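K.L.:
Can you read through this structure? Questions will come right after.
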Number of protein chains: 2
Amino acid sequence: MSLHDLLHKFQVSEKVEAETKDYVFNHTMIRVKDLQQSIQFYANVLGFIPVYEQVFEDAAFTIVYMVRRALTEIPVDDAARKEWVLGQSGVLELTYNHGTEQDPAFHYHNGNSDPRGFGHLCISVPDVVKECQRFERLGVTFQKKLAEGRMNYIAFIKDPDDYWIEILQPTPLSA
Amino acid sequence: MSLHDLLHKFQVSEKVEAETKDYVFNHTMIRVKDLQQSIQFYANVLGFIPVYEQVFEDAAFTIVYMVRRALTEIPVDDAARKEWVLGQSGVLELTYNHGTEQDPAFHYHNGNSDPRGFGHLCISVPDVVKECQRFERLGVTFQKKLAEGRMNYIAFIKDPDDYWIEILQPTPLSA
């Protein structure tokens, strides 16, 4: 469907663009049981860099912002870096409630069984076959491998809390 | 904490940057009960443009990708637009299971009551006071107004499914 027809079908006004032009879709927040484990996953598997940490001692939780940017693009100065990350798009916020990692029975809900809601994060990659091989080498857990199910062009991996992360490539897979 | 210290604290290797440099944090997916209502909210309140719709008739669901970009930046050609959006960052994917809007009792779970998990999306704006006034004028539902609670520099609004959307500005509020 053409872009014009999509806008018309969903009754989206083009004038809203002016009113919201300086808005930024800054971040998605998920709660994680073990902060260290989650940061290592998002960093070492998916290339997110932890750029800001704030500890709320009274309320016993910590937040960490992670962003996929070259290290050279990230401001070194602490105050400048906080302001910078809040103006970026594609940020991941991890919220860690202190002590949850010490309870073996504790776990968060990934939204994909009842009660459902949130579905997944998605990382797009230039070559989904190649990157899935990399994930296999790294010992990443898969929810769905490429060859499984009907959609053989996407995979789902799982983060340490079992949140699903879709892996796809923008272009069709080569035959 | 300095960026160097943060990386050290969380044992993040700088070499991962090379392996993952072409990855893109493409989208966050949430399920919505009423597709039309959700698209109008994300478009008219927050400036997201619906750029791609795919209907899966057999499995009875539809996905729509929405992205905050100027209309002039969005490819007109359908195939080019799909490929383009899958390479962008800051995309929102809405998943709509056909017919859910016809059941008054049906609702999704926003992750902020038990069982918890997903927390919120966040939109950053240049002037949080001014934009919260705009949301009031538009009749948007607030989870937390600026003046409520201890954090008087952030607000939370709610989308039609009661998912929370944090509203903040990168800079400190003027006194």
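The values are calculated or read from the model by the stated rules, or taken from the named source; none is laboratory data. Note that the structure is a prediction, hence the values are computed from the model and not measured. A quick note on method: Cβ atoms are made from the backbone with ideal geometry, for glycine too, and the neighbour counts reach across all protein chains shown.
K.L.:
What residue, among those in region B:65-81 that are facing another protein chain (nearest Cβ under 8 Å) and either within 14 Å of A:L168 (Cα to Cα) or β-branched (V, I, T) (or both), is nearest to the chain's Cα centre (by Cα)?
P.N.:
Ranking the candidates gives B:I74 first.
K.L.:
Looking at the structure I just gave you, is B:A155 in contact with a Phe, Trp or Tyr (Cβ under 9 Å, 6 or more places away or on another chain) and either within 25 Å of A:G117 (Cα to Cα) or more than 14 Å from chain A (Cβ to nearest Cβ) (or both)?
P.N.:
On the way: in contact with a Phe, Trp or Tyr (Cβ under 9 Å, 6 or more places away or on another chain): yes; either within 25 Å of A:G117 (Cα to Cα) or more than 14 Å from chain A (Cβ to nearest Cβ) (or both): yes.
Here the answer is yes, as B:A155 does meet what is asked.
K.L.:
Does B:I123 satisfy being in the same structural domain as B:A155 (by TED's automatic domain parsing) and assigned to a strand (DSSP E or B)? Working first, answer last.
P.N.:
On the way: in the same structural domain as B:A155 (by TED's automatic domain parsing): yes; assigned to a strand (DSSP E or B): yes.
Considered against the rule, which asks whether it is in the same structural domain as B:A155 (by TED's automatic domain parsing) and assigned to a strand (DSSP E or B), B:I123 comes out as yes.
K.L.:
Name the pairs whose Cβ atoms lie under 7 Å apart, with the first residue in region B:103-130 and of a type in the set (K, R), the second at pLDDT 95 or above, and 6 or more positions between them or separate chains?
P.N.:
Filtered contacts from region B:103-130: B:R116/A:R31; B:R116/A:Y108; B:R116/A:H109.
K.L.:
Moving to a separate point now. Quick one: would you say A:E53 is within 8 Å of chain B (Cβ to nearest Cβ), among the acidic types (D, E), surrounded by fewer than 21 Cβ atoms within 10 Å (Cβ to Cβ) and farther than 25 Å from B:V64 by Cα? Outline the logic, then answer.
P.N.:
Values: within 8 Å of chain B (Cβ to nearest Cβ): yes; among the acidic types (D, E): yes; surrounded by fewer than 21 Cβ atoms within 10 Å (Cβ to Cβ): yes; farther than 25 Å from B:V64 by Cα: yes.
Answer is yes for this residue.
K.L.:
Specify the residue that is farthest from the other protein chains (Cβ to nearest Cβ); the eligible residues are those in region B:86-144 that are surrounded by 16 or more Cβ atoms within 10 Å (Cβ to Cβ) and acidic (D, E).
P.N.:
It comes out as B:E101.
K.L.:
Next question, about the same structure. Give me the residue from region A:13-38 that is free of Cβ contacts under 8 Å to residues at least 12 places away in the same chain and charged (D, E, K, R) and, out of that set, surrounded by the fewest Cβ atoms within 10 Å (Cβ to Cβ).
P.N.:
Per the criteria, the residue is A:K15.
K.L.:
Could you pull out the residue among B:F61, B:F10, B:F41, B:F48 that is touching a residue at least 12 places away in the same chain (Cβ under 8 Å) and out of contact with any Phe, Trp or Tyr (no Cβ under 7 Å at 6 or more places or on another chain)?
P.N.:
Result of the check over B:F61, B:F10, B:F41, B:F48: B:F41.
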